[in-house]
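Chemist: Here it is, the structure, as structure tokens.
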Amino acid sequence: MNEQIYKSIKALPPLDDTVAQVQLVCQDKNSNMKQLSDIIKKDPMLTANILRSANSPLYGFSREIRDIDRAVALFGMATVRGFALYGSIKKTFNINLEPYGITEEYFLNIALKRNSLALHWSASLDKNLKNILMPTSFMMEIGRIVIAKEVISMGVLNEFKTKLKSVKNIRDLTALETDTIGISNEELTSKILEHWNLERELSDAILYINNPEKAANNIKLSSKILLILKNAINVFGVFGDENMKNSLNLVESYGLSQDDFMNAVSKVSTDNKVDG
């Protein structure tokens with residue numbers, strides 16, 4: 001990792017008080033949903049974001065939800081924790097993704113859609129996976145914010161954008177990032193989560209996305225699922241033909257149910273337009 005990127009990570013502020021309190025509650029086995037709701041209520045922006053998402057077609061709840069206690073109960077601790085971390089992205093980073101040719105809105109929306117897909121799909125998987133998948137599905141691409149900043153500061157913006165035109169899939173994008181600045185999004189994101197003192201399981205699940213077989217047994221499946229999510233929804237689009245082909249190949253190779261995955265996809269794709 002080059003010195004400038006290392007400095008950028010070290011310069012990141014700690015997670016804000018709300019996120020820190022949410023972290024503590026979610027990590028405490030004796031905590032309850034009321035404690036979590038009480039913390040959320042003190043943050044009007046986070047409250048509004050959770051309620052807006054609860055009433056979005058992405059999450060598919062059957063009736064309008066106006067009460068944050070109800071929204072928190074429906075989402076569960078792991079997902080609410082993900083929302084808190086998601087909300088911290090805009091507070092922490094100056095988001096300029098010009099090297100990738102996408103807007104801040106697009107970047108944040110694909111994170112939301114990826115989380116929605118993870119939530120729907122996890123209903124058919126081991127429930128313990130949610131503790132890793134819900135936060136990481138939101139956070140797994142934040143390294144690209146730092147990569148974009150570094151590409152601009154190095155003066156290689158035009159070169160990067162020219163090379164990006166010939167990149168057709170997310171695997172080749174990882175190679176381009178590594179060739180340009182010496183580190184991949186996943187490695188960088190993992191370092192950011194370590195800087196924030198998040199659990200090792202979260203940072204490692206992201207670190208091994210590109211090589212799930214090398215992950216420890218307790219996170220191997222999480223890394224595999226994150227790789228599938230990464231292929232399905234990314235900077236190149238949402239459920240595009242190439243995305244789905246790669247995702248389904250991975251689902252099959254990992255011995256997962258294609259029917260369960262496609263059922264989750266169908267629930268998210270009812271509202272799959274994301275403007276770039």
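Chemist: With (1) open to solvent by 10 Å² or more (accessible area, probe 1.4 Å); (2) of a type outside the set (S, T, N, Q); (3) under 16 Å from GLU187 (Cβ atoms); (4) in contact (Cβ under 8 Å) with a residue 24 or more places away in the chain as the list, and LEU207 as the residue in question, which single condition is left unmet?
Modeler: Only one criterion is unmet by LEU207, namely (4).
Chemist: Being surrounded by fewer than 20 Cβ atoms within 10 Å (Cβ to Cβ) and either without any contact (Cβ under 8 Å) to a residue 60 or more places away in the chain or not in a helix (DSSP H, G or I) (or both), is that true of even one residue in region 185-196?
Modeler: Yes, region 185-196 contains a residue that is surrounded by fewer than 20 Cβ atoms within 10 Å (Cβ to Cβ) and either without any contact (Cβ under 8 Å) to a residue 60 or more places away in the chain or not in a helix (DSSP H, G or I) (or both).
Chemist: Test each condition in (1) open to solvent by 10 Å² or more (accessible area, probe 1.4 Å); (2) closer than 21 Å to LYS130 by Cβ for LYS230 and report the one that comes out false.
Modeler: Of the numbered conditions (1) open to solvent by 10 Å² or more (accessible area, probe 1.4 Å); (2) closer than 21 Å to LYS130 by Cβ, the odd one out for LYS230 is (1).
Chemist: Follow-up. Can you work out which of the residues in region 92-107 that are among the charged types (D, E, K, R) and under 16 Å from the mean Cα position of the chain (by Cα) is nearest to LEU12 (Cα to Cα)? If you could, list the steps in order and put the result at the bottom.
Modeler: Of all residues in region 92-107, those among the charged types (D, E, K, R) come to 98, 104-105.
Among the residues that remain, those that are also under 16 Å from the mean Cα position of the chain (by Cα) are: 104-105.
Numbers: GLU104: 19, GLU105: 21 Å.
Only one residue fits best here, namely GLU104.
Chemist: Can you find, within region 208-242, the residue that is modelled with the lowest pLDDT among those that are among the small types (Gly, Ala, Ser) and in a loop (DSSP other than H, G, I, E, B)?
Modeler: GLY240
Condition check ((1) touching a Ser or Thr at 6+ places or on another chain (Cβ under 6 Å); (2) open to solvent by 10 Å² or more (accessible area, probe 1.4 Å); (3) more than 25 Å from ILE9 (Cβ to Cβ)) across all residues:
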residue: ARG63; (1), (2), (3): no, yes, yes
residue: MET77; (1), (2), (3): no, yes, yes
residue: ALA111; (1), (2), (3): no, no, no
residue: ARG114; (1), (2), (3): yes, no, no
residue: ASP126; (1), (2), (3): no, yes, yes
residue: MET134; (1), (2), (3): yes, no, no
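Chemist: For region 136-184, which positions are in a helix (DSSP H, G or I), open to solvent by less than 10 Å² (accessible area, probe 1.4 Å) and polar (S, T, N, Q)?
Modeler: Once the filter is applied, which keeps residues that are in a helix (DSSP H, G or I), open to solvent by less than 10 Å² (accessible area, probe 1.4 Å) and polar (S, T, N, Q), region 136-184 yields THR136, SER137.
Chemist: Looking at (1) over 18 Å from the mean Cα position of the chain (by Cα); (2) open to solvent by less than 90 Å² (accessible area, probe 1.4 Å); (3) at pLDDT below 95, can you tell me which one GLU3 breaks?
Modeler: The single condition GLU3 does not satisfy is (2).
The values are calculated or read from the model by the stated rules, or taken from the named source; none is laboratory data. Just so you know, these numbers come straight off a predicted model, no measurement behind them. For neighbour counting, all protein chains shown are included, and Cβ atoms are generated from backbone atoms with ideal geometry for every residue, glycine included. Remember, those area values only see protein heavy atoms, side chains included, never the ligands or the DNA or RNA. Shrake-Rupley method; radii C 1.70, N 1.55, O 1.52, S 1.80 Å.
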